[in-house]
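All remarks here apply to the structure that follows.
The values are calculated or read from the model by the stated rules, or taken from the named source; none is laboratory data. Not measured: the values here are computed from a predicted model. As a convention, Cβ positions derive from the backbone with ideal geometry for all residues, glycine included, and neighbour counts pool all protein chains shown.
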Amino acid sequence: MILTLASILIAAGPLADIGAAPPTTLIDAAGRPWALDSLKGKAVVVSFIYTTCNGTCPATTHTLYRVQQKLKDARLWGKRVEFVSISLDPARDTPEVLASYARIYDADPASWHFLTGPPDRVNRVIAAWGMWAKVGPSGVLDHPSRIFLLDPRGHQREIYNLQFLKPESVVQDVQTVLAEGVDP
């Protein structure tokens, strides 16, 4: 039997299983401890932002707001899908600052969790996700644009960047992982 790339992709399903999401326990915008595994059973979109960014972070957050609206229209938001945005700049992004940032973007605080914490813990979480942030010559943080889709089992199923973060595509991918169920 000869396997083609198309037959492998069809057999694997439309979204690959990239592996389990790293354990993530930080502080939410209300100042309370919060753990990613509390969302098992739901699809989750995880992004990395910082509030003083004037580049991809506001564009990512605005696009995720548009995804949030499409998920509300599809009656999936909150019940079956939630968002997590992790600060890349915990020294400045306190819970209060993140709460204000969330309000600016009309992020639903019941189902969109903005996280921060002690810099050493946040840096470990950032590294565990394969992310990084470094201070550039002008003092601005340099970082990649990556947004992760997790299935209800907590497995990474897609990694978007801002260029490919299209609300319709994200909603379709969310529907795909939700239709698969939560059994391992």
- Of the numbered conditions (1) part of a helix (DSSP H, G or I); (2) farther than 28 Å from Lys72 by Cβ, Ser169 satisfies every one except a single condition; which is it? (2)
- Task: Spot the failing condition for Val125; the list is (1) surrounded by 16 or more Cβ atoms within 10 Å (Cβ to Cβ); (2) in contact with a helix residue (DSSP H, G or I) (Cβ under 8 Å, 6 or more places away or on another chain); (3) within 24 Å of Gly31 (Cβ to Cβ), and only one is missed.
- Result: (2)
- Message: Take residues that are at negative phi and surrounded by 22 or more Cβ atoms within 10 Å (Cβ to Cβ) and tell me which of the strands (runs of 3 or more DSSP E) falling wholly in the stretch 21-63 contain 3 or more.
- Response: 43-49
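Condition check ((1) among the aromatic types (Phe, Trp, Tyr); (2) surrounded by 17 or more Cβ atoms within 10 Å (Cβ to Cβ); (3) closer than 20 Å to Leu26 by Cα; (4) in contact with a Phe, Trp or Tyr (Cβ under 6 Å, 6 or more places away or on another chain)) across all residues:
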site: Asp120; (1), (2), (3), (4): no, no, yes, no
site: Trp129; (1), (2), (3), (4): yes, yes, yes, no
site: Ile147; (1), (2), (3), (4): no, yes, yes, yes
site: Val170; (1), (2), (3), (4): no, yes, no, no
- Scan the stretch 104-122 for residues that are among the β-branched types (Val, Ile, Thr) and either over 21 Å from Thr63 (Cα atoms) or within 17 Å of the chain's Cα centre (by Cα) (or both) and report the count. 2
- Taking the residues in the stretch 2-21 that are out of contact with any strand residue (DSSP E or B) (no Cβ under 9 Å at 6 or more places or on another chain) and either of a type in the set (Val, Ile, Thr) or modelled with pLDDT of 95 or more (or both) as candidates, determine which candidate is nearest to Leu150 (Cα to Cα). Ile10
- Item | Filtered residues of the stretch 80-90 (kept if out of contact with any Pro (no Cβ under 6 Å at 6 or more places or on another chain), free of Cβ contacts under 8 Å to residues at least 40 places away in the same chain and of a type outside the set (Ser, Thr, Tyr)) | Phe83
- Residues (part of a helix (DSSP H, G or I) and not β-branched (Val, Ile, Thr)) located in the stretch 109-126: Pro119, Asp120, Arg121, Asn123, Arg124
- Message: Among the residues that make up the stretch 136-143, is at least one of them touching a Ser or Thr at 6+ places or on another chain (Cβ under 9 Å), in contact (Cβ under 8 Å) with a residue 60 or more places away in the chain, part of a helix (DSSP H, G or I) and over 16 Å from Val46 (Cα atoms)?
- Response: no
- Item | Residues within the stretch 145-165 that are outside any strand (DSSP E or B) and touching a residue at least 60 places away in the same chain (Cβ under 8 Å), tallied | 8
- Query: If we scan the stretch 137-149, do we find a residue that is modelled with pLDDT under 95 and among the polar types (S, T, N, Q)?
  - Reply: yes
- Query: Within the stretch 69-81, can you find the residues that are outside any loop (DSSP other than H, G, I, E, B), under 14 Å from Lys42 (Cβ atoms) and either touching a strand residue (DSSP E or B) at 6+ places or on another chain (Cβ under 7 Å) or among the charged types (D, E, K, R) (or both)?
  - Reply: Leu71, Val81
